[in-house]
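Participant: I am attaching a structure below and will ask some questions about it afterwards.
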Amino acid sequence: MKWKIGRTTLDVLPPVKRYMNAIERRLHADRQTRVRIMTELAGDFQSRREAGQRDEEIMAELGTPEEVA
C-alpha cells in the first residue's frame, strides 16, 4: 500500500497508515504546515526502515499519535 503526503510517497502497511492518519488528524495547524510536518515524518519513517528498524519499533519509539502531534 502506498501513502502519499505532499510530494513524498511512502510504502506502508495498514497499521502504519492508520498511525500516520491518526497523527495528521491531531495536528492543529494549517494545511501547508500539516503537509510539511507529515512529509518530514514520512521521511524519518522511511530512513528508519532503511536502517533496518521494523515499523512496530519505529512507532513505539515515536510514541502515540497524540504525543507525536
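The values are calculated or read from the model by the stated rules, or taken from the named source; none is laboratory data. Bear in mind that the values here come from a model prediction, so they are computed numbers and not experimental data. Neighbour counts are summed over all protein chains in view; Cβ atoms, including those assigned to glycine, are modelled from backbone coordinates with ideal geometry. Areas reflect the complete protein model, heavy atoms only, side chains present, ligands, DNA and RNA absent. Shrake-Rupley method; radii C 1.70, N 1.55, O 1.52, S 1.80 Å.
Participant: Whether any residue in region 52-67 is under 12 Å from the mean Cα position of the chain (by Cα), without any contact (Cβ under 8 Å) to a residue 24 or more places away in the chain, part of a helix (DSSP H, G or I) and closer than 15 Å to Gly6 by Cα is what I want to check.
Facilitator: So far as region 52-67 goes, no, none of its residues is under 12 Å from the mean Cα position of the chain (by Cα), without any contact (Cβ under 8 Å) to a residue 24 or more places away in the chain, part of a helix (DSSP H, G or I) and closer than 15 Å to Gly6 by Cα.
Participant: If you check Gly43, Gly6, which single one turns out to be out of contact with any strand residue (DSSP E or B) (no Cβ under 6 Å at 6 or more places or on another chain), at positive phi and modelled with pLDDT under 95?
Facilitator: Matching residue, one of Gly43, Gly6: Gly6.
Participant: Being over 13 Å from Leu62 (Cβ atoms), open to solvent by 30 Å² or more (accessible area, probe 1.4 Å) and touching a helix residue (DSSP H, G or I) at 6+ places or on another chain (Cβ under 9 Å) is true for just one of Thr8, Thr33. Which residue is that?
Facilitator: Result: Thr8 is the single residue among Thr8, Thr33 that is over 13 Å from Leu62 (Cβ atoms), open to solvent by 30 Å² or more (accessible area, probe 1.4 Å) and touching a helix residue (DSSP H, G or I) at 6+ places or on another chain (Cβ under 9 Å).
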